[in-house]
Amino acid sequence: MKENLASDSVEPGQIEFKEGLTWRSFLGIMYAVIIISPVIIYLNLLSGASLLGPSVYVTIILFSEFARFFMKPLTKQEIYIIFFLIWDIATISSTFFLGFTYRAFFVNTPITMGFNDPYTGIPLPYEIPTWYAPAYGSEAYLYRTLIHSAWFTPLILAVGGTMISLLIDIPLALILTRLYVETERLTFPIAQVNAAVIDSLTERKPDRMRVFTVAAMLSMLYSLFLYGLPIISQGLFGIQLEIIPAPWADFTSLIQIFLPGAILGIGTDPLYLGAGFVVPFPAVLSIFLGSIAVWFIGNTLSLTVFRDFFPLWASEWRAGMGLSLTYQRSYLNVWASPFIGLALAAGILPMLRNIKFYSKALSRLRGISKEAGGGSKYLPLPVMLAMYIAGVAVSITVSHLLVPGFPIWIIALLTAVWPFFFNLVNARALGEAGYPITIPYIWEGAVFASGYRGIDIWFGGGAYMGGASSGWVSYLKVAYLTETKPLSFFKAYLLALPIALVVSFVYTNMVWSMAPIPSSLFPWVNTMWPVMATTSGLWITREISVFRTDLIVGGFVITALLYLGTSLFHIIIPLAALVVGTFTLPPFAITMFVGALLGKFIIPRLVGRDWWENMKATIVAGMGIGQGVMVAVSVTLALIARFKWIEPW
């Protein structure tokens, strides 16, 4: 990869950035949006599985080979645009308006009717605001279509909210790219793998392609047994033929006689092993330690030494509980509050320690609107600030108009400050460990703390709290590695977004008109949506309470002491990676750690350290391609079988 991609050691000003948005790259995006989106929608409703990842790999391989057939290979900048735009735009085209069918279900299901407003005693369906969904009993639900005047306001608010979010997320992504990609030079290990995919498909150097192809073929073979056979057998016979348990082999129930509450398993997805190859060893070690400390040791202590401190968890746990159920109940009853403190510490402490560094980096934003190496890399700072301020102001105004009784200062705080803080933390986690941090229940906690007594705030009238910016920073890291103009991504995004919204609207109406959602035709949502509605009802009626101030403060203090201790004794434990580990289940952390041990101590001795360092990202890229293609083929065969079953009716 080092031969063909811009190295991290190269100054950004020395990179010759090139345009990635061309008619060919845009055509690749449209192929995924128009052709693949209905398959993703149907599969999501049918089984809950996502074809998005495999569709990305299939599309870039298809268009790469098609271009080579006409002797005009795609550039790595064009493949970059196809690769990353499909992740975001195809998600919008396949899911954006599908969410409105869940709103219709939530208003009309007897489950929701079984919950009452805790202050008025009125059943929830009668109090759901019409800017969320048409009123209970509306004729709009009889037609199973979004083309009805009663849906107009909810649709406009959803589309408008997307535009507002872009005003906040785009400048944040560019600012954080300056901080973490250019100034601090974080590695973004998963970005290195994505760059290797692009490099392998573009450069086609024989030695690298051999490695890439072998890794892909081995991954396809393994994925046939891990994912392929269960998917195909489910489609053909209605049963899952499982040879290798996915996504983990669960040993939790086997150890709970000796270690009650402890979670143990081995991740079987090879991409977690591959992640251990490319994520820096200190980060993988930190992830492993964080995961074991929480889910193995912490869970056991919470049921033994600190049993009286967590009475609900102690009453719910039973010997023999599997990994999934143990995780769900311990997360809700033990870790939800401490995780808030952990994540807050992970964001605040490094920022305070390096305040001069961040101040200097931010001050340099004033002169970055035009730089050497291919023209405009950033928007001018005044434009970015104006976008952010406008997005925040409009978001606060709309929220206040929808829910005027809710404290506006909470909305202002969560809209103006939280997106920057959260993405600052999350982008660092991606830069150091390759995986994001999820900070749970911030909005729910704010609603509870506000003392607000209405239920309308639960239906989308609150603040926009950000989330896309940190992921986009990782995308822009790949843009640097592939010498693509960072603004190419955003130009392509804004150009494709309206088309994706139209496609989502059309396909959602088509699928909804076929049959009610949920129904027997769509078994996944038939099973899961009642669970989701029940959970939502419990939150809205305040029958769930997971917030404990003492645990939030305790999580913050413990993390702060650990951070100070490691800094004082110069122990290399990346804090962001450690916090990522606390959110990571042991099966995945253990498999990553095994991969890290193999990649650091075993494989270099067998093949040579220089060869390994040069090829490991290519190997992991091949593993991803192989798995993606196998899953895509398996899902296609299963869908064909499913459609043949429906055909006589």
(message) Give me the 1.4 Å probe accessible area per residue for segment 495-649, excluding ligands and nucleic acids, in Å².
(response) 48 Å²
(request) Would you check the accessible area of Ile540, probe 1.4 Å, heavy atoms only, in square angstrom rounded to 10? (result) 10 Å²
(request) Report, in whole Å, the centroid distance computed from the Cα atoms of segment 186-243 and segment 15-32. (result) 24 Å
(request) Please report how far the C-alpha centroid of segment 472-548 lies from that of segment 378-445, rounded to the nearest whole angstrom. (result) 19 Å
(message) Given contacts defined as C-alpha pairs under 8 Å and at least six residues apart, what's the relative contact order of segment 109-234, whole-number percent?
(response) 10 percent
(request) Step through the residues of segment 620-630 one at a time and calculate ³J(HN,Hα) from phi using the Karplus curve (6.51 cos²θ - 1.76 cosθ + 1.60, θ = phi - 60°), rounding each to whole Hz and writing x for Gly and Pro. (result) 5, 4, x, 4, x, 4, x, 5, x, 5, 5
(request) Amide H neighbours of Thr484 under 5 Å, at least 5 residues apart or on other chains, H built in the peptide plane: list them. (result) Lys18
(request) Would you mind pulling out the separation of the Cα centroids of segment 286-306 and segment 70-123, in Å? (result) 34 Å
(request) Tally up the carbon and sulfur contribution to the accessible surface of the chain as a whole percent, 1.4 Å probe, everything protein left in place. (result) 70 percent
(message) Report, in listed order, any pair from Lys205/Lys600; Lys485/Lys600; Lys491/Lys600 with a Cα-Cα distance greater than 31 Å.
(response) Lys485/Lys600; Lys491/Lys600
(request) Per residue of segment 219-234, in order, report the coupling 6.51 cos²θ - 1.76 cosθ + 1.60 (Karplus, θ = phi - 60°) as ³J(HN,Hα) in whole Hz, putting x for Gly and Pro. (result) 5, 4, 5, 5, 5, 4, 7, 6, 10, x, 4, x, 5, 5, 5, 5
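The values are calculated or read from the model by the stated rules, or taken from the named source; none is laboratory data. Everything quoted here is computed from the prediction, not taken from an experiment. Protein only, heavy atoms only, side chains kept; ligands, DNA and RNA dropped before computing areas. Shrake-Rupley method; radii C 1.70, N 1.55, O 1.52, S 1.80 Å.
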